[in-house]
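What follows is a short report on a single structure.
The values are calculated or read from the model by the stated rules, or taken from the named source; none is laboratory data. Given the structure is predicted, the values throughout are model-derived calculations rather than measurements. Cβ atoms come from the backbone with ideal geometry, glycine included; neighbour counts cover every protein chain shown.
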Amino acid sequence: MTVKRWPRVLAHFFLIALAVVWLVPLVGMVFTSFRPYAETSIDGFFSWPDSMSFDNFRNAWDRGDMGQHFVVTIALVVPAVALTLLFSSMVAFAVSRFSWRFNIALLMLFTAGNLLPPQAIIQPLFQIYLRIPLPEIPFISNSGELRGSLIGLILINTAFQSGFCTFVLANYMKTLPKELNEAAMVDGASVWRQYWQIVMPLTRPALAALATLEFAWIYNDYFWAVALIQQGDDLPITSSLRNLSGEFFTDENVVAAGSLIVVLPTLIIYLILRRQFIGGLSLGGTKG
Amino acid sequence: MTTRKTEIGGYPSPAEWAKDLNRRTVLKGGVALAGLSAIGVSCGSDAATEFTGAIGDAGGALTIGSNASDPAPQAGLAAVVGSFPNENVEVTINTLDHNTYQENINAILQAGEDDVLAWFAGFRNKFFADQGLLGDISDVWDQVDGLGAGFLAASTATDGKQYFMPTSYYTWAVNYSKSLFAEKGYSEPSNVDELLSLADDMASDGITPFVFANDGQWPIMGTFDVLNMRINGYDFHIDLMGGNHEWTDERVRNVFSTWESLLPYHQTGANGRTWQEGAAALETGECGMYLLGTFAASASEALAADMDFFNFPEIDPAIGAGALDAPIDGFQMIAEPKNAAAAKELLLHMSTATAQDAYLSEDPSVVASNSGANTSVYNDLQKKSAALASSATGISQFLDRDTIPDFAGECGNMFAEFIEDPSKVDSLLSDLEEKKVAIFADYS
């Protein structure tokens, strides 16, 4: 029996070590965010605290103008996630429910697009965006062109996230029995009705899982916003975090506090939707 | 109004896409249709549309692109705008953090949203002026009073016109803690032998003589700059930065030999240390001296109160110690601003002592460019900086501002590798020379 116990002890030892490696920087960040810079710079980050306060959080919120940037973020993430799910579910529906000559090719195109690094297309994209005018609407398109507008940011995030979502949704929809559609067709349901009233309600677990993931990904996007938005006030929260650094001096403790504020919404969403998140993904994997 | 048709009806032909659409026309059409008032287009008032040479004639909206994300400079710029006497101009400040701003300057220039942009004097300004991306402000310079010839030169591009308005600068020197020097009886060295014996004294007292921090690969460029200017002189340094000397030259090689001989006096592991950690080492007395810009004082209030500096001493008496890095900051105007008249009036205002006094009341870490600025409010570090710069025989802008940005990055890599392993210097220098030739060929 002792022979069998050792691997388990080892496995636990390994898991604990791994957990510590992951937790040390995180706990360090939380710990640092409560301490003044003057203290950690002289005593080091792993020292016993003399004073702890919420000053860094207040400072980060005010200096980073985070209220404003959270509003921009919501205005970006909500439509972007909704559009991504809408469009990719349509493509997924088409490639999974109808046999068409280019099914595989289309699915491959979407999946391959997902592998393209955003850096590769930023230069042409920037030039295209620069040449597409929009009416100047406050908040939505302050710049008067696709570049620098919230619409431009929503579009590129939707485009880039659609590949992955199409792939996942198509796989999920393939597991739904074909008979459902056939029965609906016999009853005279149109293609739109089959999509919207038969397949979409059944896809809800996968949609919920993807919505959680996509929320986190688009929320965490840094690259598109920094490259396409030139007005500091129009940046979403994640990319605006850099405004807490100065030309030379950066108060790292304030940055730690600001990062914690920024990470909170994704954490909360994950905790609330965790069951759907895990359930949805494993459901797709085991069926069929 | 053909573009208007393009916008409203259907898909434009590829030929129309390829054309740079007339944005203003499209905007007016779109905005009128949407029933919204146009923002920043024409105001329709009797405000002057061209710069008249005086402040007060322009009107309308004006946007400043700012890299002042630190609280003090941010408040400083707000104070400058607050002191702008023309109330018909509505000024908006668009702030991005310093690094993002710098990395995105090309996008910012192309976007054209900001009329006036915070930037750096000298090569970095000339670089964009020569590409036609900046607006000529020679007519503003005609009205300028109180800026010396050095500032004029640092604002003039290859075509002999001015494209920059310098507002402030700071100096690079050897910073130290006054209390440590008093406690140990150290004194400021006046030549390199005294510097070395001071370093020896520190070492025997158990203090590392020089802070050495190079996270980001820019801080130790300052060490190269000053050694090159002390050993080979200011003109050689500027020519080297301009790509006109070979890095395999014996004179450049000498700089690295001297640097190598000084390395044992420096902290080890510099490439992983931020300058802020370096400043902390100076504050705690772990190290005795720190070659850095006067912004070192911004790391902590305790250090600011206890900090002093001396000019890096002479190495070769024939060359002296008159040259130093003193980066000049200021503002430039984009090539096609939405409101040129207001932009020029603001730039003229920024050159004045009034505007600079307003700035310095919020940010006392720099020195005003205008000789009429109120120096009585300067702290000791500012007074010393001003004196040092005014007695300088040559002022460089710092390596990453004095040469092509891509090449500055290569220099940064090379210096970082050099301090890890100085024995590789010859192969590193010939690599750097090859990269220099390639990069300068791209930009010529």
2 or more residues under 14 Å from residue B:168 (Cβ atoms) and among the aromatic types (Phe, Trp, Tyr): qualifying helices (runs of 4 or more DSSP H) within region B:362-427:
none
Of all residues in region A:152-169, how many are buried (at least 24 other Cβ atoms within 10 Å of the Cβ) and farther than 26 Å from residue A:140 by Cβ?
2
If you check residue B:330 against the conditions, is it surrounded by fewer than 22 Cβ atoms within 10 Å (Cβ to Cβ) and either touching a strand residue (DSSP E or B) at 6+ places or on another chain (Cβ under 7 Å) or free of Cβ contacts under 8 Å to residues at least 60 places away in the same chain (or both)?
no
Identity of the residue in region B:268-278, crowded, with 20+ Cβ neighbours inside 10 Å and under 27 Å from residue B:231 (Cα atoms), that ends up farthest from the other protein chains (Cβ to nearest Cβ)
B:270
Do you know which of the residues in region A:149-179 that are in contact with a Ser or Thr (Cβ under 7 Å, 6 or more places away or on another chain) and of a type in the set (Ser, Thr, Tyr) is nearest to the other protein chains (Cβ to nearest Cβ)?
A:149
Which numbered condition in (1) more than 9 Å from chain A (Cβ to nearest Cβ); (2) in contact with a strand residue (DSSP E or B) (Cβ under 6 Å, 6 or more places away or on another chain) is the only one that residue B:124 fails?
(2)
Suppose the filter is in a helix (DSSP H, G or I), aromatic (Phe, Trp, Tyr), more than 14 Å from chain B (Cβ to nearest Cβ) and closer than 18 Å to residue A:162 by Cα; does residue A:110 pass it?
yes
Based on this model, can you work out whether residue A:119 counts as in the same structural domain as residue A:239 (by TED's automatic domain parsing), loosely packed, with under 12 Cβ neighbours inside 10 Å and touching a residue at least 60 places away in the same chain (Cβ under 8 Å)?
yes
Sole residue being small (Gly, Ala, Ser), more than 24 Å from residue A:25 (Cβ to Cβ), more than 14 Å from chain B (Cβ to nearest Cβ) and part of a helix (DSSP H, G or I), chosen from A:225, A:208, A:216
A:208
Please work out which residue is farthest from the other protein chains (Cβ to nearest Cβ), limiting yourself to region B:287-321 and to residues that are touching a residue at least 24 places away in the same chain (Cβ under 8 Å) and among the polar types (S, T, N, Q).
B:311
Just a yes or no: is a residue in region A:138-148 more than 20 Å from the chain's Cα centre (by Cα), at pLDDT 90 or above and more than 9 Å from chain B (Cβ to nearest Cβ)?
yes
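Does residue B:61 satisfy the condition of being in a strand (DSSP E or B), more than 14 Å from the chain's Cα centre (by Cα), within 14 Å of another protein chain (Cβ to nearest Cβ) and over 30 Å from residue B:403 (Cα atoms)? Let's see the steps before the verdict.
Working: in a strand (DSSP E or B): yes; more than 14 Å from the chain's Cα centre (by Cα): yes; within 14 Å of another protein chain (Cβ to nearest Cβ): yes; over 30 Å from residue B:403 (Cα atoms): yes.
Against the criterion (in a strand (DSSP E or B), more than 14 Å from the chain's Cα centre (by Cα), within 14 Å of another protein chain (Cβ to nearest Cβ) and over 30 Å from residue B:403 (Cα atoms)), residue B:61 qualifies.
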